[in-house]
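K.L.:
Right, I'll just put the structure down here and ask away after.
FYI, it's all coordinate maths here, none of it is from the lab. Everything numeric here is computed off the predicted structure, so don't read it as measured data.
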Amino acid sequence: MAKKADGVIEAGHLSKDGELLWVRAYERRGPTWSDVVLLDRNSLIQRLRDGKRFFTGRRHEFNASEFTLRNPVLLIGKKNQAQYLSFSESQNTDGDNLKALPRL
């Protein structure tokens, strides 16, 4: 893996207005990865605030510690204001912009 990832999001569940509710992900545990974990929106945002790097991606079949990484998940907005999740820093949105995220 060329990119350093602390977590890989396989799919997510969005509300009707496009806000992320929860994701199905894998988290780095030292040299290996966790089993599937479900993270709610606040848990994911807290991990991003703590400096963790999450990407969308898919686990390679039969290779538990190998992933195909796609888009980095970014936290947009100032710490004291509303924060949104996006795949691009250049997006000026009033909500989450995760259209390319696989849905559950």
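K.L.:
What is the Cα coordinate range of region 1-73 on the first, second and third principal axes, sorted by size from largest, in whole angstrom?
P.N.:
Here the Cα extents, ordered largest to smallest, are 35, 26, 20 Å.
K.L.:
Pop out the ³J(HN,Hα) list for region 46-56 in order, Karplus 6.51 cos²θ - 1.76 cosθ + 1.60 with θ = phi - 60°, rounded to Hz; leave Gly and Pro as x.
P.N.:
So the J values, rounded to whole Hz, are 5, 5, 5, 4, 6, x, 6, 10, 10, 10, 7.
K.L.:
Which whole-number percent is the relative contact order of the chain (Cα, under 8 Å, 6+ apart)?
P.N.:
In percent, rounded to a whole number, it is 26.
K.L.:
Take every DSSP beta bridge with both residues inside the chain and express the antiparallel ones as a percent of the total, to the nearest 5.
P.N.:
Taking every DSSP beta bridge with both residues in the chain, the antiparallel ones total about 80 percent.
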